[in-house]
1. Give me the net charge of residue 71's neighbourhood, meaning all other residues with Cβ under 15 Å from the Cβ of residue 71; Lys, Arg count +1, Asp, Glu -1.
2. What do you get for trypsin sites (Lys or Arg not before Pro) in segment 253-317 restricted to DSSP loop and a cutoff of at most 16 other Cβ within 10 Å of the site's Cβ?
3. For segment 143-220, what is the convex hull (Cα atoms) projected area averaged across all directions, in square nanometres?
4. Considering the chain as a Gaussian network with a 10 Å cut-off on Cα pairs, which listed residue, 93, 185, 103, attains the greatest mean-square fluctuation?
5. What distance in nm separates the simple spin-label points at residue 244 and residue 5, each placed 7 Å from Cα in the Cβ direction?
6. Which one, 281, 266, 256, is farthest towards the positive end of the dipole of segment 237-283 when Lys and Arg carry +1 and Asp and Glu -1 on their Cβ?
7. On a 20 Å Cα-Cα criterion, which of the cross-link pairs 196/317; 250/317; 152/316; 130/152 come out too long?
8. Label-point separation (nm) for residue 87 and residue 196, each offset 7 Å from Cα along Cα-to-Cβ?
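Values in this text are rule-based calculations from the coordinates and carry no lab data. Computed from a predicted model, the values in this text were never measured in an experiment. FYI the Cβ positions are ideal-geometry reconstructions off the backbone, even for glycines, and counts take in every protein chain you see.
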Amino acid sequence: MIIPWEDRPVNERGVIWRYSANPIIPRNLLSTSNSIFNSAVVPFGDGFAGVFRCDDTNRRMRLHAGFSRDGIRWSIEEDDIRLTGADPEVGAWLYGYDPRVVWIDDRYYVTWCNGYHGPTIGCAWTADFKVFHQLENAFLPFNRNGVLFPRKINGRFAMLSRPSDNGHTPFGDIFYSESPDMELWGRHRHVMSPAKFEQSAWQCTKIGAGPIPIETGEGWLLIFHGVLASCNGFVYSFGSALLDLSEPWKVLARSGPYLLSPQRDYECMGDVPNVTFPCAALHDPDTDRLAIYYGCADTVTSLAFGYVNEIVEFTKKTTI
Ligand code: BMA
């Protein structure tokens, strides 16, 4: 597997750096897309597949499957994903956004923010990114940012989520939950609250898990977004934390500085200005390279690169 990559620019001082050809997915890739952002990708076959958040020109929030040989140039299906197999009460589609995708045991699981009397965490599985089998919603409304761990922990599926409200939640902590079967979720544990404003303002209003956590010798590396409520609205940046491997609700370290914040034009201008929102990362364990996919200004999708061991060191060194 050769993941997307570009070496660190000579004068780059950050722990991670942006792809020079960002954004990689334009807002109008589909004939009916208003915007394509906050999307998730995984290795698949000889290349990659993904679930993309495509808001259409009715401004309805839809999920579409996509495929790529190199992880950079994407072909996204014109038709949105039609989920199958759910109890009709749960399966009636209202809206879906901010997907995550992960391989666990023998199949790909998809989680997303699913409309059911308010936002909650929808779940489905697929083998081929053509047929998506819908499962029960993981939680009651209101919840967002449901992110599965890439393997069972202590014999159970494990998920991070962020309980919220029905609107533009100005609060929010990350919690951990377990399930024996991907249907019944419990053993809820608190993971992290927003930081204190005086300590780390970019993550002081609300936080939410981003890509699927990455297992390292130092713990689970979690890349998460954080929000600052500025006088001009929310600003979404992202940083990193290390969670205990067998008790992931225990935070071992958490970066004070962000890894990346909205600074480029395509991050600062769009349907929602000043948003960088990561939903996926590809890791190549042989080279330690990491390619992070993040939505920009709720409009387009971009890539950033780094090395996992450098991000782990940064997290420990700058922990709050
Ligand atoms: C959050 C979610 C994200 C979005 C962000 C900024 O609440 O809706 O999809 O990127 O707001 O608008």
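1. Working: positive: 69, 73, 289; negative: 6, 46, 70, 284.
Overall, the nearby charge balance is -1.
2. Working: sites: 254, 264, 289, 316, 317; in loops: 264.
When the trypsin sites (Lys or Arg not before Pro) of segment 253-317 are filtered for loop state and at most 16 Cβ neighbours within 10 Å, 264 remain.
3. On the way: hull surface 24.4 nm².
Over every viewing direction, the Cα hull of segment 143-220 projects on average to 6.1 nm².
4. 93
5. Between residue 244 and residue 5, the simple spin-label model gives 3.5 nm.
6. 256
7. Values: 196/317 18 Å; 250/317 18 Å; 152/316 25 Å; 130/152 25 Å.
In this structure, 152/316; 130/152 exceed 20 Å between Cα atoms.
8. Rounded to a tenth, the inter-label distance reads 4.5 nm.
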